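Read the structure below first, then the notes.
The values are calculated or read from the model by the stated rules, or taken from the named source; none is laboratory data. Quantities reported herein were computed from a predicted structural model and do not represent experimental measurements. Here Cβ is always computed from backbone atoms with ideal geometry, including for glycine, and neighbour counts include all displayed protein chains.
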Amino acid sequence: MYTGLQHLHSYLAYLVLIGLLISWLMAVAGLMGNKTYTAQNRKMSLLGLIPTHLQWVIGLVLYLVSPLGISNFSGAGMKDSTARLYFLEHPLMMILAVVFITIGYAKAKRQIGTTQGFKSIVIFYGLGLVLILSRLPWSAWLD
């Protein structure tokens, strides 16, 4: 089960990045084109929100069962950069990213009919995307 969750978490990350990037780029295009944020745009922003939340739930389960997660939480682990990434930096940044993305979606869905919905998506999804990219375990991805 653990290995399956690890693989699912790894492959779903691609879907998260693609969904966030599509949502963010569409919001940038809408903002630059001075368009009105519509219900269709709100649905497109779900491309970034839904996979991100799904990824967070799977990551939380992995954090609890993985030897690299909460069981690695000790003072000695802070000296090892790889251990610190897996038990502290990665989970903390991902939680913050999910919070920013959720706030952006919540603000945007209340701004249907205005141009401000795009601005909320651009800012908050952009912050979430930067946080995710900053703390991905690139060494595990590139091996």
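Quick notes on this structure:
- Residue tally, condition more than 19 Å from the chain's Cα centre (by Cα) and either basic (Lys, Arg) or assigned to a helix (DSSP H, G or I) (or both), over the stretch 1-40: 10
- Residue within the stretch 63-78 that is in contact with a helix residue (DSSP H, G or I) (Cβ under 7 Å, 6 or more places away or on another chain), without any contact (Cβ under 8 Å) to a residue 60 or more places away in the chain and closer than 21 Å to residue 15 by Cα present: yes
- Residue under evaluation residue 90, criteria (1) modelled with pLDDT under 85; (2) within 18 Å of residue 6 (Cα to Cα), criterion not met: (1)
- Checking each residue in the stretch 84-143 for being part of a helix (DSSP H, G or I), among the polar types (S, T, N, Q) and more than 18 Å from residue 17 (Cβ to Cβ) picks out 116, 120.
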